[in-house]
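To start, the structure under review is shown below, and the notes come after it.
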Amino acid sequence: SQTQIAIVVGSLRKDSFNRQLAHAIMKLAPAGVHFKEVAIGDLPLYNQDADGNEVAQVKQFRDALRSVDGVLFVTPEYNRSVPGVLKNALDQGSRPYGHSVWDGKPAAVVGMSPGAIGTALAQQHLRNILAYLNMPTLGQPEMFLQYQDGFFTADGAVAERSHVFIQKFVQQVVDWVHQHKK
Ligand code: FNR
């Protein structure tokens, strides 16, 4: 049967480089694999009082993740960490206690920034969170991408010079999910 991998993008910006990257990655899915973007922008701020009585947006988000075999996080770095919107989404998926949708799901991390260290610190913080959430996370290759003009083609693919590199990474993510899916 088809392997489903959720893509969670850590930016809400309309022209987000990371969302462009996510969409380019989706086009590189090998046969038998489907990437689906699971949006986080409509989630309310996590409030423990709502545990067990979640609003529809939270239920839909949790349902969308429950059925997938793995998760690819594509995130910018904000102030040397993960954007708050992404942390909020991770928190929303993790509760009520004992009902985390993340538990045991294989994960991978990638990020893009115009800055030279290309989200390295955000990714390290994210890995810390994913370890606690019991998500086996692809260790290598690490993918710190620096955005530059021409990285994407006009039709939203990865330009020639980075294509093979990104394609390889996608295949390694897929292999990781196949190895670790329940
Ligand atoms: C940034 N940016 C940034 N970049 C970086 O490499 N390290 C950082 O710590 C930060 N911090 C940061 C904080 C805030 C609040 C903003 C708005 C931005 C710049 C960031 O990489 C840039 O805005 C990217 O374009 C964000 O990714 P998207 O939205 O294009 O996917």
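None of the figures in this text is laboratory data; all of them are computed from the coordinates on show. Model, not experiment: these values are computed from the prediction. Glycine also receives a Cβ, built like all others from the backbone with ideal geometry; neighbour counts cover every protein chain displayed.
Per DSSP helix of 4 or more residues, -39500 (n - 2.57); summed, then divided by the residues of the chain. What does that give at 222 nm, rounded to the nearest 500? Mind dumping the intermediate values first?
Details: 5 runs with 66 residues, N = 182.
Using -39500 (n - 2.57) per qualifying helix, the result is -11500 deg cm²/dmol.
Among the listed pairs 36/87; 36/59; 59/87; 14/182; 14/105; 27/87, which have their C-alpha atoms separated by more than 23 angstrom in this model?
Details: 36/87 20 Å; 36/59 17 Å; 59/87 17 Å; 14/182 34 Å; 14/105 28 Å; 27/87 26 Å.
Result: 14/182; 14/105; 27/87 exceed 23 Å.
Share of antiparallel DSSP beta bridges in the chain, in percent to the nearest 5? Display every interim value, and only then the final one.
Working: 2 of 20 bridges.
Roughly 10 percent of the beta bridges in the chain run antiparallel, per DSSP.
Pop a pseudo-label 7 angstrom from the Cα along the beta-carbon direction at both residue 57 and residue 117 and give the gap in nm to one decimal.
3.2 nm
For the chain, find the longest principal axis of its Cα atoms and tell me its angle to the long axis of helix 17-26, 0 to 90°, nearest 10.
So the inclination is approximately 90 degrees.
Report, ordered by chain and residue number, the aspartates and glutamates lying within cross-link reach of residue 181, taken as a straight Cα distance under 18 Å and ignoring same-chain residues fewer than 8 apart.
63, 69, 103
For the chain, find the longest principal axis of its Cα atoms and tell me its angle to the long axis of helix 84-94, 0 to 90°, nearest 10.
Roughly 50 degrees, rounded to the nearest 10.
Compute the distance in nm between two label points, each set 7 Å from the Cα along the Cα-to-Cβ direction, one at residue 4 and one at residue 131.
Label at residue 4, label at residue 131, 3.0 nm between them.
Quick one: which of 48-60, 107-119, 26-38, 170-182 comes out on top by average Cβ neighbours within 10 Å, and what's the full order, highest first?
Result, highest mean first: 107-119, 170-182, 26-38, 48-60.
In whole Hz, with x marking every Gly and Pro, tabulate ³J(HN,Hα) for the range 46-63 from phi via Karplus 6.51 cos²θ - 1.76 cosθ + 1.60, θ = phi - 60°.
Coupling constants for the range 46-63: 4, 9, 4, 4, 8, 3, x, 9, 6, 6, 3, 4, 6, 4, 5, 4, 5, 5 Hz.
If you average the sequence gap of Cα pairs under 8 Å that are 6 or more apart and divide by the length of the chain, what percent do you get for the contact order? Present the calculation step by step, with values, prior to reporting the outcome.
On the way: 317 pairs, mean separation 45.1, N = 182.
With pairs under 8 Å counted, the relative contact order is 25 percent.
Specify the inter-centroid distance of the range 153-182 and the range 36-64, based on alpha-carbon positions, in whole Å.
One Cα centre to the other: 28 Å.
Mind pulling the angle between the C-alpha long axis of helix 120-132 and the longest principal axis of the chain? Nearest 10 degrees, somewhere in 0 to 90.
Helix 120-132 sits roughly 40 degrees off the main axis of the chain.
Under a 10 Å cutoff between Cα atoms, tell me which one of 86, 45, 133 has the largest fluctuation in the Gaussian network model of the chain.
The residue that fluctuates most here is 45.
Extension gain residue 162-residue 178, at 0.36 nm per residue separation less the Cα-Cα distance, in nm?
3.3 nm
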